[in-house]
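Q: To start, I am sharing the structure in question, which I have written as structure tokens.
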Amino acid sequence: MTSELFNVIAGAPVPGRRTFENIDPATGRVIHLVHEADADVVDQAVRAARAALQGEWGRTTVQRRAELLRAIADEIQARFERFVAAEVADTGKPEQLARTLDVPRAIANFRSFADTIAARGLDSYLTETADGGTALNYAVPKPLGVVAVISPWNLPLLLLTWKVAPALAGGNAVVAKPSEETPATATLLAEAISAAGLPEGAYNVVHGFGPDSAGSYLTEHGDIDAVTFTGESRTGSTIMRAVAPRVRPVSFELGGKNAAVVFADCDIEATIDGLARSIFTNTGQVCLCTERVYIERAVFDVIAEGLVDRARRLRTAHPSAEGTDFGPLISQQHRDKVKSFFDLAVEEGAEVLVGGGIPRVEDQLSGGFWIEPTLWKGLTNTNRVMREEIFGPAAALVPFDTEAEAIELANDTDYGLAAAVWTTNLKRGHRVAQAMNVGMAWVNTWYLRDLRSPFGGMGLSGIGREGGIHSMNFYTEPTNICIAL
Ligand code: NAD
Ligand code: 6OD
């Protein structure tokens, strides 16, 4: 029987007037009926969050908040298998990926922000006094208040907790709206947070879609103090307009059209492995995934052959089957979009090196949203396929002749999220990585994370940086006290 997922407000399940279906992308089967939050339910959630701030949660010290964050991490750990199962059913991603990336990172997110606030002692006075002769200045960091957290479907729990953890660390109360495609782990997180002992109302979940649903009701609500959002650049722009009349702060992690730059002096095998990971992980549905690969002409063929080989070796099968490393796309609608880019690439003159279509899969998966890992050559930066985010397992391979040309090609985009540089020349690695107009540039690796470092994007890829103290700078704001001496 299909189970139901409820909104969670002040620790209690709250039904909606309508429900919508939550589909397993691997099979196309309905797994949950989800209660959609209308404007009244969203208002109830915002009021519960406000009440938490005015009650015990608002009086909780920084050291206690750090302890509570660690307790949340422990409660997720205690439910590890349930979180894995929920994430795999919602996304169709290989179970192995949920086990090694999504759920461990959720735990690490809470532990890391506990460490950040415990180490920095956010309730200690931060002295801003340059010259103590005439005045003593100190700043008191305060929570923003009620923070709306709106998150996408690709790494649902990882990206939700990347925002919920620092928001709670800063003493805010949260109303979370997970993606309509992946509502389960945000709901289960409410159980873990209650079990950890946070006062009810500090974390609330509302379910639904964007426009004319929970997403817009939340961003347009008159009593939210900030919005932190991960998703498409276009949605970010809509949310900015929604909060503009009340001048609320936003933190945006948006789309990307990320480049990799491969020099002839790279370690060929390690580069092919790293590139394949950066193109195909999570079926290309990671905002950091590489969609443009610029390769120095001398090694173009060997890199291209290696990547085609890696694409052919990906195992498309049920997410829980042994050895599966390639899952479906999230939905029929997203597969239609990705497939339309595959067709457009051919219209724009691409030579398909591998993939380009919809694979045959075993019978039990035939209702799922499967797609082939795909590589092209023959495209240039003038093609639409090279300029728009596909968010699927596909990349274009393009040769270059000089370092200057590679930098120009990589930076020729409206986005500015991530880049990867592959070279064994140390100086060149630093030089080219620094020349990339992106938030994160990796050298000889991809998606290697230190949760204290600044994470975010330039241009269409976002506003602000999150990670360690950078997150705390967003989720709190200081009042400066100046005392004449
Ligand atoms: P999306 O923008 O369609 O949806 C994200 C969330 O916003 C969902 O919860 C959705 O319901 C909600 N939403 C949609 N319209 C809204 C509106 N008008 N008002 C309020 N909420 C609204 O994005 P998606 O399809 O879920 O995710 C894929 C996109 O996210 C890609 O573009 C990807 O690059 C980007 N992304 C970026 C990062 C990053 O760190 N930069 C991380 C993950 C995903
Ligand atoms: O690792 C992270 O902290 C992060 N925000 C990753 C974003 C991935 C995009 O899909």
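Q: In Å, what Kirkwood hydrodynamic radius results for segment 46-183 from the alpha-carbon pair distances? Provide the component values of the computation, followed by the final result.
A: Working: mean 1/r = 0.0608 Å⁻¹.
By the Kirkwood definition, the hydrodynamic radius is 16.4 Å.
Q: A further question follows. Principal axis lengths of segment 174-257 from Cα atoms, whole Å, largest first?
A: The Cα atoms of segment 174-257 stretch 36, 30, 23 Å along the principal axes, largest first.
Q: Just report the Cα centroid separation between segment 256-299 and segment 17-75, whole Å.
A: That distance is 37 Å.
Q: Right, another one. For the chain, what does -39500 (n - 2.57) per DSSP helix run (n ≥ 4), summed and divided by total residues, give at 222 nm, in deg cm²/dmol to the nearest 500?
A: Calculated mean residue ellipticity at 222 nm is -11500 deg cm²/dmol.
Q: Quick one: 3J(HN,Hα) in Hz for segment 17-23, Karplus 6.51/-1.76/1.60 with θ = phi - 60°, rounded, Gly and Pro as x.
A: 6, 10, 10, 10, 8, 10, 10
Q: Could you check the spin-label model distance between Asn437 and Arg99? Points 7 Å from the Cα along Cα→Cβ, value in nm.
A: The answer from the label model is 4.4 nm.
Q: Using only the alpha-carbon atoms of segment 258-450 as identical scatterers, what base-10 log of I(q)/I(0) does the Debye formula give at q = 0.11 Å⁻¹?
A: The computed values of log10 I(q)/I(0) come out as -0.46.
Q: Rank these residues by their accessible area, most exposed first, probe 1.4 Å: Leu344, Leu448.
A: Putting Leu344, Leu448 in descending order of accessible area: Leu448, Leu344.
Q: Something else now. What ranking do 102-114, 467-479 get when scored by the average of other Cβ atoms within 10 Å per residue, highest first?
A: In descending order of packing, they fall as 102-114, 467-479.
Q: If you don't mind, another one. Taking Cα atoms of segment 358-485, Rg/Rh with Kirkwood Rh, to two decimals?
A: Values: Rg = 20.3 Å, Rh = 18.1 Å.
Here Rg/Rh amounts to 1.12.
Q: Taking Rh as the Kirkwood radius computed over C-alpha pairs, what is the Stokes-Einstein D of segment 410-464 at 10 °C in a medium of viscosity 1.306 mPa s, expressed in µm² per second?
A: This corresponds to a translational diffusion coefficient of 136 µm²/s.
Q: Let me ask something else about it. Output the 0 to 90 degree angle, nearest 10, between the alpha-carbon long axis of helix 156-169 and the longest principal axis computed from the alpha carbons of the chain.
A: Value to nearest ten degrees: 30.
Q: Estimate the FRET efficiency between Arg449 and Asn411 by the formula 1/(1 + (r/R0)^6), using the beta-carbon distance for r and 22 Å for R0, to the nearest 0.05. It would help to have the intermediate numbers written out before the result.
A: Working: r = 23 Å, r/R0 = 1.06.
Approximately 0.40, to the nearest 0.05.
Q: Going by amide H atoms built from the backbone, whose H comes under 5 Å of the H on Val354, apart from near neighbours?
A: Leu375
Q: Hey, with R₀ at 45 Å, roughly what FRET efficiency would Ala135 and Glu347 work out to, going by the Cβ-Cβ distance, to 0.05?
A: Efficiency computed from Cβ-Cβ geometry: 0.10.
Q: Let a ≥ b ≥ c be the square roots of the eigenvalues of the Cα gyration tensor of segment 1-111; is it rounded (a/c under 1.5), or, if not, prolate (a/b larger than b/c) or oblate? The partial results should precede the final answer.
A: Details: a/c = 3.15, a/b = 1.17, b/c = 2.69.
Taking the square roots of the gyration eigenvalues as a ≥ b ≥ c, segment 1-111 is oblate.
Q: I want the local charge near Ser471. Using Cβ-Cβ distances under 11 Å, sum +1 for each Lys or Arg and -1 for each Asp or Glu among the other residues.
A: Within the 11 Å Cβ shell, the charges total +2.
Q: While we're here: Using the Cα centre of the chain as the reference point, and only Cβ charges (+1 on K/R, -1 on D/E), how large is the resulting charge dipole? Debye, rounded to the nearest 20.
A: Values: 44 positive and 60 negative charges, 170 e Å.
Dipole about the Cα centre, nearest 20: 820 debye.
Q: At q = 0.07, 0.11, 0.13 Å⁻¹, work out log10 I(q)/I(0) for the chain with the Debye formula, treating every Cα as an identical point scatterer and leaving solvent out; two decimals please.
A: With one equal scatterer per Cα and no solvent, log10 I(q)/I(0) is -0.38, -0.91, -1.21.
Q: Under 28 Å between alpha carbons, and skipping anything fewer than 8 positions from Lys257 in its own chain: which lysines qualify?
A: Straight-distance partners of Lys257: Lys93, Lys163, Lys177, Lys337, Lys339, Lys377, Lys427.
Q: Now for a different question. What is the distance, in nm, between label points placed 7 Å from the Cα along the Cα-to-Cβ direction at Glu322 and at Thr2?
A: Calculated label separation equals 3.4 nm.
Q: Any idea which of Thr382, Val361, Leu417 is furthest toward the positive side of the dipole for the chain, if Lys and Arg beta-carbons carry +1 and Asp and Glu beta-carbons -1?
A: Leu417
Q: Could you go through segment 178-185 in sequence order and give the Karplus-derived ³J(HN,Hα) for each residue, using 6.51 cos²θ - 1.76 cosθ + 1.60 with θ = phi - 60°, rounded to whole Hz, and x for Gly and Pro?
A: After applying 6.51 cos²θ - 1.76 cosθ + 1.60, I find x, 4, 4, 7, 9, x, 6, 6 Hz.
Q: Round to the nearest 10 and report in Å² the accessible area of Lys142, as given by a 1.4 Å probe over the protein chains' heavy atoms.
A: Here the accessible area works out near 90 Å².
Q: If you don't mind, another one. Whenever you get a sec, compute what percent of the accessible area on segment 417-480 sits on carbon and sulfur atoms (1.4 Å probe).
A: Of the solvent-accessible surface of segment 417-480, carbon and sulfur hold 55 percent.
The values are calculated or read from the model by the stated rules, or taken from the named source; none is laboratory data. Predicted model only: the values in this text are computed from it and were never measured. Note that each Cβ is placed from the backbone with ideal geometry, even for glycine, and that neighbours are counted across all protein chains shown. Surface accessibility is based on the protein's heavy atoms, side chains included, excluding ligands, DNA and RNA. Shrake-Rupley method; radii C 1.70, N 1.55, O 1.52, S 1.80 Å.
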